[in-house]
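In what follows, a structure is listed as structure tokens, so that the remarks can point back to it.
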Amino acid sequence: MKITIDIPGDIAHSAELTQAELLREIAVLLFQWERVTLGRAAQIAGMHQYEFQKLLASRKIPVHYGLDDYQADIASLRQHDWR
């Protein structure tokens, strides 16, 4: 599924957020809400997982990474043909 968000230019300008910054904020929020795994959140943010972890650490957001997260990340890697 692809979601497109149309933000009026004046609002986007006043928020002073680039598209990349907005995606990072959405990824952090989804991760905090435990709606996506660490790997998925990093993917949404367009960041390497290690860099995303550093971003979370800088905001003092704990990494909750359990067996379900691990299995979901492995499945995602296989789906994207990572070996």
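Filter the helices (runs of 4 or more DSSP H) completely within the range 23-83 down to those with at least 1 residues that are within 30 Å of Ala12 (Cα to Cα) and under 13 Å from the mean Cα position of the chain (by Cα).
Working: elements: 38-45, 49-58, 67-79.
Those helices (runs of 4 or more DSSP H) span 38-45, 49-58.
Within the range 23-36, which residues are basic (Lys, Arg) and either open to solvent by 90 Å² or more (accessible area, probe 1.4 Å) or free of Cβ contacts under 8 Å to residues at least 12 places away in the same chain (or both)?
Here is the first cut: in the range 23-36, the residues basic (Lys, Arg) are 24, 35.
Correct list: Arg35 only.
Which of the residues belonging to the range 8-22 are part of a loop (DSSP other than H, G, I, E, B) and open to solvent by less than 70 Å² (accessible area, probe 1.4 Å)? Walk me through how you get there before you give the answer.
Restricting attention to the range 8-22, the residues satisfying the condition of being part of a loop (DSSP other than H, G, I, E, B) are 8, 16-18.
Passing the criteria: only Pro8.
Inspect the range 62-80 for any residue being among the basic types (Lys, Arg), surrounded by fewer than 12 Cβ atoms within 10 Å (Cβ to Cβ) and at positive phi and give the result as yes or no.
Within the range 62-80, the first condition is being among the basic types (Lys, Arg), and the residues that meet it are 78.
Next, from what is left, pick out any that are surrounded by fewer than 12 Cβ atoms within 10 Å (Cβ to Cβ): 78.
Checking which are at positive phi leaves us with none.
No, the range 62-80 contains no residue that is among the basic types (Lys, Arg), surrounded by fewer than 12 Cβ atoms within 10 Å (Cβ to Cβ) and at positive phi.
Could you check, for the range 36-56, whether at least one of its residues is over 16 Å from Ser76 (Cβ atoms) and aliphatic (A, V, I, L, M)?
Scanning the range 36-56, I find at least one residue that is over 16 Å from Ser76 (Cβ atoms) and aliphatic (A, V, I, L, M), so the answer is yes.
The values are calculated or read from the model by the stated rules, or taken from the named source; none is laboratory data. Just so we're clear, the structure is a prediction, and the values are computed from it rather than from any experiment. Please note: Cβ atoms are built from the backbone with ideal geometry, for glycine as well, and neighbour counts cover all protein chains shown. Remember, those area values only see protein heavy atoms, side chains included, never the ligands or the DNA or RNA. Shrake-Rupley method; radii C 1.70, N 1.55, O 1.52, S 1.80 Å.
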